[in-house]
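All of the numbers you see were taken from the coordinates with simple rules; none came from a lab. Quick caveat: nothing in here was measured; it's all calculated off a predicted structure. Cβ atoms come from the backbone with ideal geometry, glycine included; neighbour counts cover every protein chain shown.
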Amino acid sequence: MTTANKPMNEMAAKCSYRLFKLYFIIALVLITSSYAIESQEQFFKRGHTNNWAVLVCTSRYWFNYRHIANTLSIYRSVKRLGIPDSQIILMLADDVACDPRNSKSGTVYNNANQQINVYGDDIEVDYRGYEVTVENLVRVLTGRLPDSVPRSKRLLTDERSNVLVYMTGHGGNGFLKFQDAEEISDVELANAFEQMWQKRRYHEIFFAIDTCQAASMLEKFYSPNILGVASSHVGEDSHSHHHDPEIGVAVIDSWTYYTLSYLERVKPTSKDKMHYLLQSFDRSLVMSTTKIRTDLYKRDLTKVPITDFFGSVRNIEIVNVSVSVDRSKELSQDILLTSQNDHYEARQQYSTQFPLIEALSYNPYETKQIASAIYVLLTLSILLVISILTTFL
């Protein structure tokens, strides 16, 4: 090596070192950003793994019987379609079932023919009476509850949860009253949903509200992936469907009545789509104009099953464990029970839920990120080697 070439080689070495540092910094930035930044579209492609329902009746007093019946009717439907009580938050501002004016004590009916007691068996009211407040609703939605609150009163959702929020009561332009004592505004509700999104407490929300001027409660929403439906436009009233002359009050609202009429035809394994439910509201029957807000919702409603919100999705983990079942004992027990009771009824079970099998330990998006990072590193390494060889040769 000559003395003249020595400074040039040292300069080339310094340039190569600087190039290496530059490539390393670029690679580090790309890898970090690929893990830190997750687009909404890729987040929503993951799908949901669990369903929750928050059902709120904000009215009290006997003459608001229909609002309690509205809420209990939706409660009955989501339980029938597979959402367990452990994943339902039920808020009832009054207990008309035990009101002295109720000639059918301990019952609540949503129809004058009194065929279905929606108060029924196995009802679990999480918040009742004066517990139904704006503060408690916001705390439930956002998860900001004191440590003393039991699990049964908590909305234990995560970023894979689809949440049905149903509200009914008396409202006006931009507010919904709570027990004639306070009210929640459209802004407060929108901000509560935004907190849920920021804290990754939902995957998708279906918000349904049956009240006067209900559409005003949808206008301030700004968080992603919220599908909203309201029973009436701004300036319109929401009407009751019919009354029961035996108890002297209206027993259900029109919009909820026709919602239930559709849901009663849906089975847990049904593939009926949300589009057809939302298009089923005839103004001549409902007596008000249904408002649907879809601009925040990313999926095509013709491809969204109703059971994505009104049914339940089960987590399934595949394990390599063999379980042997002795069917002879089970059959002999069934025969014995049948012989003892001529009116034997099969034990109630949850029907098969909308199928979803997800390997919980596998995340295809993260796997794709890792592959992309490796590809970037290999590419930069090759470029670095080529630059060094070019410099010295």
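Overview of values
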quantity: Compactness of region 47-310, expressed as Rg and Dmax over alpha-carbon positions, Å; calculated: 17.0, 49
quantity: Taking TRP62, TRP255 and counting other C-beta atoms within 10 Å, the order from fewest to most; calculated: TRP62, TRP255
quantity: Protection-proxy order for peptides 160-170, 222-232, each taking the mean of Cβ atoms within 10 Å per residue, highest first; calculated: 160-170, 222-232
quantity: Sorted peptide list for 175-182, 207-214, criterion being average Cβ within 10 angstrom, highest first; calculated: 207-214, 175-182
quantity: Least to most buried among CYS57, CYS98 (fewest other Cβ within 10 Å first); calculated: CYS98, CYS57
quantity: Amide H contacts of GLY172 (H built 1.01 Å from N, under 5 Å, at least 5 apart or other chain); calculated: LYS177
quantity: Packing-based order for 132-141, 147-156, using average beta carbon neighbours within 10 Å, highest first; calculated: 132-141, 147-156
quantity: Per-selection metrics, region 151-203 (Cα): Rg and Dmax in Å; calculated: 13.0, 36
